[in-house]
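Handing you a structure now.
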Amino acid sequence: MARVVNFNAGPAALPLAALERAQRELIDFEGTGMSILEHPHREPPYGKVHREAIALLRRLLGIPETHHVLLMQGGARAQFALVPMNLLHPGKSADYVVTGTWAKQAAEEAALLGKARVVVSTEKDKKFARIPAPSELEVDPGAAYVHITSNNTLFGTQWPSYPDTGGVPLIADMTSDLLSRAIDVSKFGLIYAGAQKNLGPAGVTVVIVRKDLVAGARADIPQIFRYKSFADSESLFNTPPTFSIYLMRNTLQVPEEQGGIPPIEKETRAKAALLYGAIDARPEFWKAPVEKGSRSQMNVVWRLPTEELEKKFLTEATAANLVGLKGHRSVGGVRASIYTAVRLPDVEKLVAFMEGFAERNG
Ligand code: PMP
């Protein structure tokens, strides 16, 4: 079997066990004589999978009873709109911390619906190569919420710890780092993530939201856009993306069986330390643009001395079965996305390849 090492930013690598299970079960799901793809969403065979996916999220992330877990569609970008539609009441203002392209787009969507204030942006001074210090965050105490992007998939930055926003609900787009480290969910008003990085395949979006925020959310918006519709129906308000949720269930079972978040967090740290260590060991050859304290443990970005060498690096890496290393088109260079399904031996292979390449071309 010719599986490659997949460093794509998303959709991204999935655990082989999750895919193999789907392959085994595809035609005849648990002796029902039909595929999970063919099961109605309100009947028990799918219902069990649906509830299991939610229960796995609750267990793995330690989600308290104060919060709903919703499974929605439209990707993380739909949440850029749904957060202000639900939570930005008329006359209120929301605070946005702009640390990258996704954060900026979230703020722009909110500005179409109400008042969105950019508290701080790291675009001009540092081209998004750093996360702001806590002292730079002058949160409006009357704001409806403060929105951050926990990990910047394109620029390779990540909040090392989360800001204290006092009584103002903290909302985080955790699309590219949810499930990579322990988080205290109780500190957040709302967390959302498109599943296509650490959680599973594209097509389902996870929303973790404080129950009181849902209870007090705007009711003058269409039902399909209300968090309340999904909270009241266990995310069966309309037909959910059943196969995406099934595959997310399979994916989440892998870390569950391997001891949950603590070993994942340990491996996340080890993988990032190994890769940044290799980059830092040859500063004349590899250039990491991100400030050290803001480096992402999920998306590692770096440059080579010339664009020609970058092209050569990517071509030779692909030939060595190390794929998906091209930097985002708006940033260029190299990016290795080392989500949880990319394991330590995979990163070791990349580092060995990098050392050989630097030797030959340095
Ligand atoms: N936010 C972040 C941090 C992302 O990385 C992405 C996608 N890469 C998005 C939002 C957009 O997600 P989607 O395509 O699911 O709308």
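Return the Rg/Rh ratio of the stretch 30-95 with Cα-based radii and a Kirkwood Rh.
So for the stretch 30-95, dividing Rg by the Kirkwood Rh gives 1.12.
Follow-up. Roughly to the nearest percent, how much of the accessible area of the stretch 192-246 is carbon and sulfur, given a 1.4 Å probe?
Values: 1090 of 2030 Å².
With neighbouring chains kept in place, the figure for the stretch 192-246 is 54 percent.
Binning every alpha carbon pair distance of the chain at 10 Å from zero, what are the percents per bin?
Answer for the chain: a P(r) of 5, 24, 31, 25, 12, 3, 0 percent.
What does a probe at Ile224 reach in the stretch 231-254, counting residues whose amide N is under 16 Å from the point 7 Å along Cα→Cβ?
236-242
Quick one: dipole size for the chain, taken about the Cα centre, charges +1 on Lys/Arg Cβ and -1 on Asp/Glu Cβ, in debye to the nearest 20.
In total the dipole reaches around 360 debye.
Suppose the chain between Ala273 and Glu25 were pulled fully straight at 0.36 nm per residue; how much longer would it get relative to their current alpha carbon spacing?
Residue separation times 0.36 nm, minus the Cα-Cα distance, leaves 85.5 nm.
What's the local net charge at Leu88, with K and R +1, D and E -1, over the other residues with C-beta under 10 Å away?
+3
Still on this structure, please answer the following. Leaving out ligands and nucleic acids, note down the accessible area per residue over the chain with a 1.4 angstrom probe, in whole Å².
Working: 15670 Å² over 362 residues.
For the chain, the per-residue accessible area is 43 Å².
Still on this structure: In whole Å, how far is the Cα centre of the stretch 269-342 from that of the stretch 171-246?
Cα centres, the stretch 269-342 to the stretch 171-246: 31 Å.
Grab the beta carbon distance between Val120 and Arg42, set R0 = 45 Å, and tell me the FRET efficiency rounded to 0.05.
So the FRET efficiency works out to roughly 0.45.
Using the Cβ atoms and a cut-off under 15 Å, what net charge is assigned to the surroundings of Gly114, where Lys and Arg are +1 and Asp and Glu are -1?
Details: positive: Lys92, Lys115, Arg117, Arg218; negative: Asp95, Glu108, Glu109, Asp140, Asp220.
Residues close to Gly114 contribute a combined charge of -1.
Still on this structure, I have one more. Based on the alpha-carbon gyration tensor of the stretch 99-149 and its eigenvalue square roots a ≥ b ≥ c, which shape applies: rounded if a/c is under 1.5, prolate if not and a/b is larger than b/c, or oblate? Intermediate values should be presented prior to the final figure.
Details: a/c = 2.44, a/b = 1.26, b/c = 1.94.
It comes out oblate by the Cα gyration axes.
Just to make sure I understand: if all protein chains stay in place, what is the order of Leu112, Leu179 by accessible area at 1.4 Å, largest first?
From most exposed to least exposed: Leu112, Leu179.
A further question follows. Given the rule -39500 (n - 2.57) for each run of at least 4 DSSP H residues, summed and divided by the residues of the chain, what is its mean residue ellipticity at 222 nm, to the nearest 500 deg cm²/dmol? Intermediate results must be reported in sequence, preceding the final value.
Values: 11 runs with 136 residues, N = 362.
It lands at -12000 deg cm²/dmol.
In whole percent, and with a 1.4 Å probe on the protein chains, what portion of the accessible area of the stretch 1-106 is carbon and sulfur?
About 57 percent, which is the carbon plus sulfur part of the accessible surface.
For the stretch 162-212, treating each Cα as an identical point scatterer without solvent, what Debye log10 I(q)/I(0) comes out at q = 0.16 1/Å?
-0.46
Another question, then. Sort Phe313, Phe237 by accessible area with a 1.4 Å probe, largest first. Don't skip to the end; give the middle numbers.
Numbers: Phe313 0, Phe237 70 Å².
Largest accessible area first, the residues go Phe237, Phe313.
Using a Cα-Cα cut-off of under 28 Å, which lysines could be cross-linked to Lys104, ignoring same-chain neighbours fewer than 8 residues away?
Lys92, Lys115, Lys124, Lys126, Lys127, Lys187, Lys197, Lys211, Lys228, Lys287, Lys292, Lys326
Using a basic spin-label model with each label point 7 Å from the Cα along Cα→Cβ, how many nm lie between Asn361 and Glu65?
Rounded to a tenth, the inter-label distance reads 5.7 nm.
Taking 0.36 nm per residue of sequence separation and subtracting the Cα-Cα distance, how much length would be gained by fully extending the chain between Asp232 and Glu108, in nm to one decimal? Write out the running numbers ahead of the final one.
Values: separation 124, 0.36 × 124 = 44.64 nm, distance 2.94 nm.
Residue separation times 0.36 nm, minus the Cα-Cα distance, leaves 41.7 nm.
Moving on. Of the listed peptides 271-277, 329-335, what is their order by residue-averaged count of other C-beta atoms within 10 Å, with the highest listed first?
Values: 271-277: 18.1, 329-335: 15.9.
Per-residue Cβ counts within 10 Å, averaged per peptide and sorted highest first, yield 271-277, 329-335.
Farthest toward the dipole's positive end in the chain, which of Leu236, Leu304, Thr268, given Cβ charges of +1 (Lys, Arg) and -1 (Asp, Glu) about the Cα centre?
Among Leu236, Leu304, Thr268, the one farthest towards the positive end of the dipole of the chain is Leu304.
The values are calculated or read from the model by the stated rules, or taken from the named source; none is laboratory data. Here the structure is a predicted model, which is why all the values come from computation and not from measurement. As a convention, Cβ positions derive from the backbone with ideal geometry for all residues, glycine included, and neighbour counts pool all protein chains shown. To get the accessible areas, we keep the full protein, side chains included, count just its heavy atoms, and leave off ligands, DNA and RNA. Shrake-Rupley method; radii C 1.70, N 1.55, O 1.52, S 1.80 Å.
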